[in-house]
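The block underneath contains the structure these notes are about, expressed in structure tokens.
Readers should treat all values here as calculations from the given coordinates under stated rules, not as data from a laboratory. Quantities reported herein were computed from a predicted structural model and do not represent experimental measurements. Cβ atoms come from the backbone with ideal geometry, glycine included; neighbour counts cover every protein chain shown.
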Amino acid sequence: MLEPTTCAAVIPCLNESASITPLVAAVRRHLPFVMVVDDGSTDDTANLAQNAGAVVVKHEFNFGKGAALKTGLSLALAQGFEWAVTLDGDGQHAPEDLPALLRCAEKTGALMVVGNRMNDARKIPWLRRRVNRWMSRKLSQRAGRHLPDTQSGFRLIHLPIWASLSLNTEHFEVESEMLIAFLAAGRRVEFVPIRVIRSGRSSHIHPVADSLRWLRWWRNFGRLPASRNPADSIIQESLPAAVQTEMIR
């Protein structure tokens with residue numbers, strides 16, 4: 001059984017003071033351990049998250065979503081958790097959908113469960129929706145199976161498997177890289193429908209810059225040198241001085 005005590009919530013954040021308090025409170029109704037990775041925020045995100053009951057990990061500067069996820073997932077693994085649920089910090093994911101991801105993993109044996117927003121896609125901004133569908137088609141062709149929502153950040157991840165993979169990206173292309181890495185390793189991946197909540201702020205995704213970064217990753221896909229396990233680079237060595245990760249309880 002996948003018990004809540006074996007699963008941590010990891011929320012990467014950048015300037016999410018408007019949404020982080022209710023988000024942490026809602027997630028804590030389903031999982032007792034919530035970690036917020038503050039990736040260089042200049043607002044009060046860290047203090048608000050801590051006051052709402054989250055463990056807060058701070059990057060001194062903004063390094064990107066992929067880097068924030070590596071920090072959070074690595075520390076969750078080091079804390080003894082077997083699983084982690086990742087959610088975006090802007091409140092676009094409904095924590096009430098979290099049990100559906102846990103049930104799917106229990107029922108199917110999947111080691112990654114991805115929240116699929118495409119049944120509610122009209123709530124996703126038009127350009128992001130088009131880009132998501134194009135990327136999902138490309139990745140589906142590469143994987144040889146239908147992958148309906150490859151860019152969703154709402155995921156249940158088996159941490160020991162994640163830590164065994166060679167992952168290189170540090171920005172929004174992390175969603176694609178992680179998904180393809182699980183599939184390439186022969187690990188079962190499933191998708192479950194989730195709701196989409198319109199965010200009150202503009203996305204941190206930059207459609208042109210992040211699409212170009214994704215295309216560079218796609219062009220080099222399969223030719224990148226293997227990196228060390230992502231957990232090794234965070235836990236077993238000291239971080240670069242600029243990161244200065246700090247855990248606040």
Report summary line: Going residue by residue through the range 17-33, the Karplus relation 6.51 cos²θ - 1.76 cosθ + 1.60 with θ = phi - 60° gives ³J(HN,Hα) values, rounded to whole Hz and with x marking Gly or Pro, of 5, 6, 10, 5, 5, x, 5, 4, 4, 5, 5, 5, 6, 10, 10, x, 10
Report summary line: So the FRET efficiency between Asn168 and Thr6, C-beta based with R0 = 30 Å and rounded to 0.05, is 0.60
Query raised in the report: So what are the radius of gyration and Dmax for the Cα set of the range 15-64, in Å?
Result: 10.3, 30
Report summary line: The answer for Asp88, listing residues at least 5 apart or on another chain whose modeled amide H is closer than 5 Å to its amide H, is His93
**Report entry** Per-residue ³J(HN,Hα) for the range 186-197, Karplus 6.51 cos²θ - 1.76 cosθ + 1.60, θ = phi - 60°, Hz, x for Gly and Pro
**Finding:** x, 8, 6, 10, 10, 10, 10, x, 9, 7, 10, 10
Report summary line: So, relative contact order of the range 1-131 in percent, Cα under 8 Å, 6 or more apart, is 30
Requested in this report: Take the range 40-179, compute every pairwise Cα distance, and split them into 5 Å bins from 0; I just need the percent in each bin.
Outcome: 2, 9, 16, 22, 22, 17, 9, 3, 1, 0
Query raised in the report: What list of ³J(HN,Hα) couplings, whole Hz, do you get for the range 145-151 from phi and the Karplus terms 6.51, -1.76, 1.60, once you set θ to phi - 60° and write x for glycine and proline?
Result: 7, 6, 10, x, 8, 6, 9
Query - Candidate lysines for bridging to Lys70, where Cα separation is under 24 Å - those fewer than 8 sequence places away on the same chain excluded - result: Lys58
Report task. Please list the non-local residues whose amide H lies under 5 Å from the amide H of Val37, H modeled 1.01 Å from N, same-chain partners needing a gap of 5 or more. Result -> Ile11, Cys13, Val57
Query - Cα pair distances exceeding 23 angstrom across the range 29-119, given as percent - result: 27
